[in-house]
Every structure is written in structure tokens, then in C-alpha cells.
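Undergrad: To start, I am sharing the structure in question, which I have written as C-alpha cells.
The values are calculated or read from the model by the stated rules, or taken from the named source; none is laboratory data. What you see is a predicted model; the values in this text were computed from it and never measured. All Cβ positions, even for glycine, are placed from backbone atoms using ideal geometry, and neighbour counts span all protein chains on display. Just the protein is used for accessible areas: all its heavy atoms, side chains included, with ligands, DNA and RNA removed. Shrake-Rupley method; radii C 1.70, N 1.55, O 1.52, S 1.80 Å.
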Amino acid sequence: MCGIFAVSGRPDAAELTQLGLFSLQHRGQESAGIVTIKNGELQVRIGMGLVSEVFADGVEALPGRVAIGHVRYATTGGSHIRNAQPLVFKTGHGHLAIAHNGNLTNAIQIKHKLEGRGAIFQSTTDSEVIVHLLARQEGPVEDALIASLRQVEGAYSLILLTIDKLIAVRDPYGFRPLVLGRIGDAHIFASETTALNLIGAELVREIEPGEMVIVEGTTIKSLK
């Protein structure tokens, strides 16, 4: 069990994400991380320990209007900094970060196939399998993500951050929770509504099983 949180459209995105992660701390106490975007670059702070320990000196070094965060409880891969999330990568689709909650039951088989084709993994989490699959797909990043998720099995919710998009996905069976909220004109994603309550956001709805929600600038759209 892990906790994921994201904000799009607020100058204090990192601060809200830190508060959201505080409220989700019960979902994971091993590591915490936040990634934001500023001037087309990903800003990253990830560390082992509680949210209060990783961000003891605040989040001033994480500017930007879009942020994703993660608190981890290890279910796949050991308790190590290389497995702390959000995981950050440079791919043919550009720089991206992923925050993932859940388990992929066929991750080991896929990983072995990818390694046989030359893939080099930087962590031992099943989350990274999704990124390696995505990196081998062409087209818009949301289409690449859909093609990748069609190859995995299991229960998951995830948030993907690119330079210009925030994408939230829930598995086809809806086993892992994910909700959509709003605070003003900003869009919020969280594992639990308690995170929305803490930052004063309103609950819009649950992300539906098998749904992908894409936020790009001020626009939001849904795909199944």
C-alpha cells in the first residue's frame, strides 16, 4: 500500500502536495518524494523516512504549478532509496516522473523480457516496468501509456507527470483507490479523500475503473 497525490494549476503545488502526503502518511512510511515542473525542467526531492523528515526544511526548492508526490510502503522491491518514488526518467517522450500504488502480477516476466532486449533497470520496483514499456511505444505519451498498461496485469493506480501533462490512471478493476478533486481552478488527484479535506479541496468524483484522466494546462479530458 502506497499513497499518491498530485496538483495541477497552483503556484503552491509543492506545498499542497506536501500536506496531501502528510494526510496519506499511514499508507507508507518508508520513503517520500515530490516532483514539480519549472521552466520545462523536473525538480526532484526524494528521500527515505517520513514526510516530515524528507521535507524538514520545506519545499521552497520545488517551484512550479504542477506537482506529484508519493509515500511508499514496499510491496515489490526492498526498502532502498533507489526504489523511492516518484521515479524519474528521460525517455523518447521526454522527461517524466511516475508515482504508483499497487502490484503488477506479471512484472517479473515482463522485466526479464525487457532485460533480454537490452533494458537497464534502475530500481527493483514493478513500477519501472511500466516506464520501460512506455519508452518503447510511439505516438502521444497518453497513447503510449495505454499501450503499455494493456500489457500489464494487477491492481494499481498511478500518476504520470511529463513536461506538459499530468495523467492519472486507475486499473480496469478499480482495486486501488484514486479520486479527483478541485481547489479553485486547480485539479487534484489523491489516493484518499482525506488528502482533499486537509487542503480544503472539494471532491469531484472517483476515477472510474479503467479510466485515464489527462490534465494539460487548464483543460482536462477522460479516456477509457
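Undergrad: Tell me, yes or no, whether region 17-38 has at least one residue that is aromatic (Phe, Trp, Tyr) and open to solvent by less than 30 Å² (accessible area, probe 1.4 Å).
TA: Checked region 17-38: no residue is aromatic (Phe, Trp, Tyr) and open to solvent by less than 30 Å² (accessible area, probe 1.4 Å).
Undergrad: Within region 107-124, can you find the residues that are part of a loop (DSSP other than H, G, I, E, B) and surrounded by 14 or more Cβ atoms within 10 Å (Cβ to Cβ)?
TA: Passing the criteria: 119, 121, 123, 124.
Undergrad: Please find, among 3, 9, 47, the residue that is under 17 Å from the mean Cα position of the chain (by Cα), over 26 Å from residue 218 (Cα atoms) and not aliphatic (A, V, I, L, M).
TA: 47
Undergrad: For region 178-222, how many residues meet the condition of being in contact (Cβ under 8 Å) with a residue 40 or more places away in the chain, within 16 Å of the chain's Cα centre (by Cα) and under 26 Å from residue 38 (Cβ atoms)?
TA: 12
Undergrad: Across region 151-168, which residue is farthest from residue 216 (Cα to Cα) among those that are open to solvent by less than 20 Å² (accessible area, probe 1.4 Å) and not hydrophobic (A, V, I, L, M, F, W, C)?
TA: 156
Undergrad: Which of the numbered conditions does residue 139 fail, given that it passes all the others? Conditions: (1) among the small types (Gly, Ala, Ser); (2) closer than 25 Å to residue 31 by Cα; (3) out of contact with any Lys or Arg (no Cβ under 8 Å at 6 or more places or on another chain); (4) surrounded by fewer than 21 Cβ atoms within 10 Å (Cβ to Cβ).
TA: The single condition residue 139 does not satisfy is (2).
Undergrad: Ok, one more. Checking residue 102 against (1) under 19 Å from residue 162 (Cα atoms); (2) touching a Phe, Trp or Tyr at 6+ places or on another chain (Cβ under 6 Å), only one condition comes out false. Which one?
TA: That leaves (1) as the condition not met.
Undergrad: Can you spot a residue in region 107-128 that is β-branched (Val, Ile, Thr), in contact (Cβ under 8 Å) with a residue 24 or more places away in the chain and in contact with an Asp or Glu (Cβ under 6 Å, 6 or more places away or on another chain)?
TA: no
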